[in-house]
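Structure record follows, encoded as structure tokens.
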Amino acid sequence: MIDDLDRIMAVMEAAFEPCWGEAWTRRQVGDLLTLPSTHYRLVGADGLPSAKDRDAAGFILTRYAVDEEELLLVAVMPHLRGRGIGTALLKLCKDDARRRGARRVFLEMRHNNPAVSVYLANGFLPLGRRSDYYRLSDGSRLDAITFGCELAFG
């Protein structure tokens, strides 16, 4: 049986194109998962939480602080995109954050990321832009966009 870190890394390796430099290393993810403020969810191809003995179709990795949740990573296997898995992950993220007492969820992404449509459709709004934030392997730079989603209670 593979552990959850293996399943996260399998999705990450398939989902993130190397040219953008967005994938994290196993050590980065593993170290972060040792912190009590870090949380993750794995889902199967049906968008439901994934059983330990199944391959994961997607994952989220978040960090909670005071009344905010930061969505650090979200990924879906490329061959399963367009089936609502990203939306299911964002719903889990928001539901979990709300249970932890978060009032909002933030994320940051490169400005040309096609996932923007999924974030906008799920209540995330652009809040700001960081010029030349991401550095690519060829030395060029891309802006980052910060998004936020207010969480409704009750």
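The values are calculated or read from the model by the stated rules, or taken from the named source; none is laboratory data. A quick note: this is a predicted structure, and the numbers were derived from the prediction, not measured. Note that each Cβ is placed from the backbone with ideal geometry, even for glycine, and that neighbours are counted across all protein chains shown. Accessible surface areas use protein heavy atoms only, side chains included; no ligands, DNA or RNA. Shrake-Rupley method; radii C 1.70, N 1.55, O 1.52, S 1.80 Å.
General remarks:
- Residue pairs whose Cβ atoms lie under 8 Å apart, sitting 6 or more positions apart in sequence or on different chains, and linking a residue in segment 112-128 that is in contact (Cβ under 8 Å) with a residue 40 or more places away in the chain to a partner that is in a strand (DSSP E or B), are A115/V74; A115/M109.
- Among the residues of segment 98-119, just one is part of a helix (DSSP H, G or I) and closer than 18 Å to S131 by Cβ, namely V116.
- Residues in segment 121-131 that are more than 24 Å from C19 (Cα to Cα) and either open to solvent by 90 Å² or more (accessible area, probe 1.4 Å) or within 14 Å of the chain's Cα centre (by Cα) (or both): N122, F124, L125, L127.
- Considering segment 59-92, the residues that are in contact with a Lys or Arg (Cβ under 7 Å, 6 or more places away or on another chain) and of a type in the set (A, V, I, L, M, F, W, C) include one that is surrounded by the fewest Cβ atoms within 10 Å (Cβ to Cβ), namely L72.
- Take the conditions (1) farther than 23 Å from S37 by Cβ; (2) open to solvent by less than 30 Å² (accessible area, probe 1.4 Å); (3) out of contact with any Phe, Trp or Tyr (no Cβ under 9 Å at 6 or more places or on another chain); L151 misses just one of them, which is (1).
- Check on A56, open to solvent by less than 50 Å² (accessible area, probe 1.4 Å), farther than 20 Å from R100 by Cα and not in a loop (DSSP other than H, G, I, E, B): no
- Qualifying positions in segment 132-148 - of a type in the set (S, T, Y) and either open to solvent by less than 90 Å² (accessible area, probe 1.4 Å) or assigned to a helix (DSSP H, G or I) (or both): Y134, S140, T146
- One residue stands out in segment 18-37 among those that are more than 15 Å from the chain's Cα centre (by Cα) and charged (D, E, K, R): the one that is least open to solvent (accessible area, probe 1.4 Å), namely D31.
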